[in-house]
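Worksheet: the structure to be examined is printed underneath.
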Amino acid sequence: MIFATLFKQLVRRPATNPFPVKYMPRSVTGLLGKVAAGKASIHPPIPAPVDLRGKIAYDAEKCIGCQLCVRVCPAKVIEFLPEEKKIRMYVARCTFCAQCVDACPVDALATTPDFLLADTDRFSENLIVQAAPGAAAAAAPEEE
Amino acid sequence: MTVSVGNAVWQGLIILLGGGLLGLVYKGFDRKLAAQMQGRIGPPLRQPFFDVVKLMVKENIVPDHAVGWLFNLMPVISLAAVATILFYLPLGGYAPLLGGYGDLVLILYLLAVPALAMMVGGFAASSPYASVGAQREMVMLMSYEFPLAIALVGLAWRLSTILPAGSSVFSLGVLAANPLWGLVGPLGIVGLALLMLALLVVTPAELSKIPFDIPEAETEIAGGILAEYSGRNLALFYLSDAVKTVVMGALVVALFIPYGLSGLAGLTGAAGAALDVVFFLVKLFVVVFVSVIVVRVGFARLKVNQVARLFWLPVTAFSFLGLLLLAVDRVI
Amino acid sequence: MKPDELLAVLTGRVGSDVTHLRTVEHRHGAGDHPIYDLWVEVPRERLRDAIGALCAAASPQITTISGDDVGDRITLNYHLNVGWGEHYSAVALLLRTSVPKSALSIDTISDLIPGALTAEREKREFYGMTIDGIPDDRNLFLPEDSTIHPWRKDEESLRKTEAEVKRLVKWETRDA
Amino acid sequence: MHNERINIDLEANKSAVAYSIPIGPTHPALKEPIRFSFELDGERIVGVDIKPGFAHRGIEYMGMRRNLIQTLYLSERICGICSISHPLAFTMAVEHAAGIEVPPRAQAIRTIIGELERIHSHILWAGVGAHELGFDTLLHLTWNVREKVMDLLESLTGNRVDYAIPIISGVRRDIPEEKVHLAAEALDYYKRLLQDLIDAFLHDKSVEMRTKNVGVLTYDEAIALCAIGPTARASGVKKDVRQDWPYYGFADMEVRAITPEDFGREPVGDVYDNIIVRVLEVAQSIEIIERCLETMPSGELMSIPKIPALLAALKKAEGEGIGRHEAPRGEVFHYIRLEADVEEPVAWKVRAPTYGNLMAWVPKFLGDEIADIPIIAASIDPCMCCMDRMHFVSRDGDQSTRLKEELVRLSREKTRRICG
């Protein structure tokens, strides 16, 4: 009978994961500021399984510029930089199939369990994977 | 009983405000407990207040083809009608404010007004969803009014046979002051229980809650009667629904469980009155919990013909049986 | 039903107009039992006869009709599931017919298999062909007033769309 | 074979109609866009017209402009719920066309993931169905128990949806020994839960009141209109690709099409029968997965393990193939034609289950009431995004841009008006 279940539920913990907070805060940016300053805490997310296909990690040292990943990527995430013979990935478009990881002949690409990627800017630093921060600044078209 | 006009206005305002607040608080409990029973966290208790404020500041849209004045008038009428009932309800040990100016029959009429107002508003919106919703509301009204009337009239009639002739048995104050449970025999108690059951079944229908939410039926007719309402008008309907919850709960409490604790605890004066008010709120909560919250999470929505059949056959039969038992109890 | 029996049913009615393209045998799992595809071709005038023969022999399920623009003709593949109901009993039948673009029309089979209507309406709007005797000739997926035929490889109005898509893809990178 | 209730010519009976009510393209009862126009006589439905196409995305067209590995992931995105069914049918079609063998272990893993998806899809459907009946409690409770299989899929494949497991010539991830116990544990959980599901859906009075003799599709109608999947099986039609045309791991076991008879009920083809079939299929899937896990063959995962080699082999391949898979909603069908020295498929046709069940909706709706519309619409477990795949916004690119600007202008004006 459903009512037995209902009354049991009254005293049980709800199944909802209260991540990041149980209720909408008065000010989201305020809360985030507090969390950054260490004054407030948020509930942690449910731990992800080890081999979750999250954000792709890129080891530019190993990369030989074969463009195999560019060929197999279904979402056209990967841009080939011809001068450096390296790649740049736009994570905002990634579908997390990790086919590029399978295709890479030199293991320059790997999956990480990092999945908290929400951002307001598609081209924010967190959402672009490329050689190294220093190299990125040089390549960024700031003079435009 | 002489009440000065100034006093009456003050008390009236307090009752209106209190009724509205209480309604919203119960709505908050309703959502929270329903969510808990469904394994969710649910909104915070103060969410209904946020909702009303939000709706109040939103734009009030009147559809192009709607009959504007009717469409805008109906939410006001609906809220005014249920708010008026508040003045006829005994709160804890207090007698109703307007106890001397109207009775149970008036309450019965006033209870039908919000449903009628929603119906007229639905037709005035001239949207197919609202029209279907209004038709369904009409069928609902015809179905549950009959057992409701039987239950109320049955109680008053039985009381008239006990109290001295000339007592105003239809006054809710008198009914609440003389609980019938102690005044009738065993058969009468069974009859009373049946009437109470009928009233508890009518309550969710009166409030258009699942399984009787067919006039609004979100997944079928997209909110039905309320489909075209927005902003302030929707807020008024929302408030009138909240107040109606309190009214229906208080009605059941006044008719069937009007007992106070002050006598039992030996408290008098302000402390006793406060205890009675708190106890009244607890009783109200229990009634709303049993007849609205639990029912609404435990059933699927019925269809309009199933609702009509349910109220015309089993519920009416129950209330008739209750009435019959009360009558038999009087004879023996 | 075995593919040979199915072929016999078809040749029984349509005779030598049936071209047996191939019978494909797939072995899955441990490979104890094969499952079959049967590929046959009939001229478009005999299509209704072929479908009628199938209807008389079994209750064929029309899965869909696929089409292929091959230059001056459009190939229509009627995919049928014949002989369903028992373990290993079905054959995936592909009944091929081809229609020249100069006379782009074919007879309806929705009176024989009512479930074919969806697929026929889709072919009608996407290839701009005429289905003779179709009970409902409105557009199904495309907007009511659409006059383009997206699956035609000679559809000029799609070039613009394609250019637009390319432009969007380019715009999406940061340096653009 | 013909039944008088089958009325393809809907225009014909529009004369004696009181009023009509549109449901969709967006409506709370519909989770995806489709438009129904109902002709009503009071609350009774006397006519229905269905207009799909609002979620056309042009997937086949896009697929014909990508190489086969890219298209594989595109096919995965035809539908988020059957996100293994389309890739399975697609890879089968390509493998048949190119003559590539799939190792036995890969076949078993494909079977397991496919059946896990059936469990999650059927539980999801049960929740949606409950919601359409106004029974939100069951929705929340069923979706809560669905998390278990989602978590299992996540830990087996790495993704909660769009698992990206099959690849042409095999599968991409193994189910190692240490993960088998995770699967076994989840299956035990669902075995214990099964009776609760049956109680909550099949023995609940208010669910019975709303679903028995509602949305009836008779046996003859189901055959004539080529209904597939649980929709057909609820009408007593024993049609199931896993039984009729056993592929992959199903080839070695005798899968039977589940009909309401297995629950001791004469098939009527109503919504209640749909629930029976889906609940019993959860049990059937559990059995199949257990069997697969027990008898899992060892060996390699892909017959062509290197991606460059695979791309080269696919480029060389020439031929045609079909792929079929019994998805939770019914049969998924892919047809593909490859040409040598062309990386892209030359022709690709996808047939999703909802497409096959589109016609079956009509007799299900006729004669029932407005209140039954949501549950009947849900009873075939529709998936518009599967069915609609091709869309062209406008004949003229400029026109659509103007339209967008116009909308932006209008909404800005309105904001200004409100803010005063």
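The values are calculated or read from the model by the stated rules, or taken from the named source; none is laboratory data. Nothing here was measured: the structure is a model prediction, and the numbers come from that model. No Cβ is skipped: glycine too gets one built from the backbone with ideal geometry, and neighbour counts run over all protein chains shown.
In the set (1) touching a residue at least 40 places away in the same chain (Cβ under 8 Å); (2) of a type outside the set (Ser, Thr, Tyr); (3) within 14 Å of chain D (Cβ to nearest Cβ); (4) surrounded by fewer than 19 Cβ atoms within 10 Å (Cβ to Cβ), the condition left unmet by B:ASN305 is number (1). Looking at the structure I just gave you, is D:LEU182 more than 13 Å from chain A (Cβ to nearest Cβ) and of a type in the set (A, V, I, L, M, F, W, C)? No: the conditions fail for D:LEU182.
Restricting to the range B:132-159, what's the tally of residues that are crowded, with 20+ Cβ neighbours inside 10 Å, within 17 Å of the chain's Cα centre (by Cα) and over 22 Å from B:ARG330 (Cα atoms)? Count: 4. Every test in (1) closer than 29 Å to A:GLN99 by Cβ; (2) in a loop (DSSP other than H, G, I, E, B); (3) of a type in the set (A, V, I, L, M) is passed by D:LEU314 save one, and that test is (2). Listed by position, the helices (runs of 4 or more DSSP H) enclosed by the range D:192-269 that each have at least 3 residues that are more than 8 Å from every other protein chain (Cβ to nearest Cβ) and either touching a residue at least 40 places away in the same chain (Cβ under 8 Å) or closer than 30 Å to D:ALA106 by Cα (or both) are D:219-224, D:229-234. Screening the candidates B:LEU264, B:LEU234, B:LEU255 for the property of being part of a helix (DSSP H, G or I) and either closer than 30 Å to D:PRO374 by Cα or at pLDDT 85 or above (or both) yields one hit, B:LEU234.
Within the range C:1-49, the set of residues being within 14 Å of chain D (Cβ to nearest Cβ), part of a helix (DSSP H, G or I), of a type in the set (A, V, I, L, M) and touching a Phe, Trp or Tyr at 6+ places or on another chain (Cβ under 8 Å) is empty. Say whether the condition of being over 19 Å from D:TYR19 (Cα atoms) and of a type outside the set (D, E, K, R) is met by at least one residue in the range B:123-138. No: zero hits. Filtering the range C:139-161 down to residues that are outside any loop (DSSP other than H, G, I, E, B) and more than 7 Å from chain D (Cβ to nearest Cβ), which residue is surrounded by the fewest Cβ atoms within 10 Å (Cβ to Cβ)? Within the range C:139-161, the match that is surrounded by the fewest Cβ atoms within 10 Å (Cβ to Cβ) is C:ARG159.
Within the range C:15-45, the residues that satisfy the criterion of being more than 20 Å from C:SER89 (Cβ to Cβ) and touching a residue at least 40 places away in the same chain (Cβ under 8 Å) are C:LEU21, C:GLU41, C:VAL42, C:PRO43, C:ARG44.
Apart from one condition, D:LEU116 fits all of (1) in a helix (DSSP H, G or I); (2) under 17 Å from the mean Cα position of the chain (by Cα); (3) within 30 Å of D:LYS205 (Cβ to Cβ); the exception is (3). Of the residues making up the range D:348-384, those that are within 24 Å of D:SER83 (Cα to Cα) and acidic (Asp, Glu) number 1.
Residue-level check: of (1) surrounded by 12 or more Cβ atoms within 10 Å (Cβ to Cβ); (2) without any contact (Cβ under 8 Å) to a residue 60 or more places away in the chain; (3) of a type in the set (D, E, K, R), A:GLU61 misses just (1). The residue list A:VAL50, A:VAL106, A:VAL101 contains one member that is part of a loop (DSSP other than H, G, I, E, B) and at pLDDT 85 or above, which is A:VAL106.
Applying the criterion of being farther than 27 Å from B:VAL295 by Cα and in contact with a helix residue (DSSP H, G or I) (Cβ under 7 Å, 6 or more places away or on another chain) to the residues of the range D:118-127, the residue that is nearest to the other protein chains (Cβ to nearest Cβ) is D:HIS120.
Report yes if D:GLU185 is outside any strand (DSSP E or B), surrounded by fewer than 22 Cβ atoms within 10 Å (Cβ to Cβ) and either touching a residue at least 60 places away in the same chain (Cβ under 8 Å) or out of contact with any helix residue (DSSP H, G or I) (no Cβ under 8 Å at 6 or more places or on another chain) (or both), otherwise no. Against the criterion (outside any strand (DSSP E or B), surrounded by fewer than 22 Cβ atoms within 10 Å (Cβ to Cβ) and either touching a residue at least 60 places away in the same chain (Cβ under 8 Å) or out of contact with any helix residue (DSSP H, G or I) (no Cβ under 8 Å at 6 or more places or on another chain) (or both)), D:GLU185 qualifies. For the range D:50-64: of the residues being assigned to a loop (DSSP other than H, G, I, E, B) and at pLDDT 80 or above, which is surrounded by the most Cβ atoms within 10 Å (Cβ to Cβ)? Across the range D:50-64, the extreme among qualifying residues is D:PRO52.
Given the residues D:ARG278, D:ARG324, which is the only one that is of a type outside the set (Asp, Glu) and not in a strand (DSSP E or B)? Being of a type outside the set (Asp, Glu) and not in a strand (DSSP E or B) holds for just one of D:ARG278, D:ARG324, which is D:ARG278. The set of residues in the range A:15-42 being under 28 Å from D:LYS148 (Cβ atoms) and within 14 Å of chain B (Cβ to nearest Cβ) consists of A:ALA15, A:THR16, A:ASN17, A:PRO18, A:PHE19, A:PRO20, A:VAL21, A:LYS22, A:TYR23. For the range D:128-160, residues that are more than 9 Å from every other protein chain (Cβ to nearest Cβ) and either on the phi > 0 side of the Ramachandran plot or in contact with a His (Cβ under 8 Å, 6 or more places away or on another chain) (or both) total 4. Quick check on D:PHE365: is it closer than 18 Å to D:ILE123 by Cβ and of a type in the set (Phe, Trp, Tyr)? Criteria not met by D:PHE365. The selection criterion, being within 14 Å of chain D (Cβ to nearest Cβ), of a type outside the set (Val, Ile, Thr) and surrounded by fewer than 18 Cβ atoms within 10 Å (Cβ to Cβ), does not hold for B:LYS54.
As a summary of the residue check, B:LEU13 satisfies the conditions (1) crowded, with 19+ Cβ neighbours inside 10 Å; (2) in a helix (DSSP H, G or I); (3) aliphatic (A, V, I, L, M) except for the one numbered (1). Of all residues in the range C:63-85, at least one satisfies being touching a helix residue (DSSP H, G or I) at 6+ places or on another chain (Cβ under 8 Å) and over 25 Å from D:ALA93 (Cβ atoms).
Only one of the listed residues (C:ILE113, C:ILE131) is of a type outside the set (Phe, Trp, Tyr) and facing another protein chain (nearest Cβ under 8 Å). That residue is C:ILE113. Taken residue by residue, the range A:89-111 has no member that is more than 12 Å from chain D (Cβ to nearest Cβ), within 30 Å of D:LEU182 (Cα to Cα) and of a type in the set (Phe, Trp, Tyr). When the range D:330-353 is limited to residues that are within 14 Å of chain C (Cβ to nearest Cβ) and assigned to a loop (DSSP other than H, G, I, E, B), the one that is surrounded by the most Cβ atoms within 10 Å (Cβ to Cβ) turns out to be D:ALA352.
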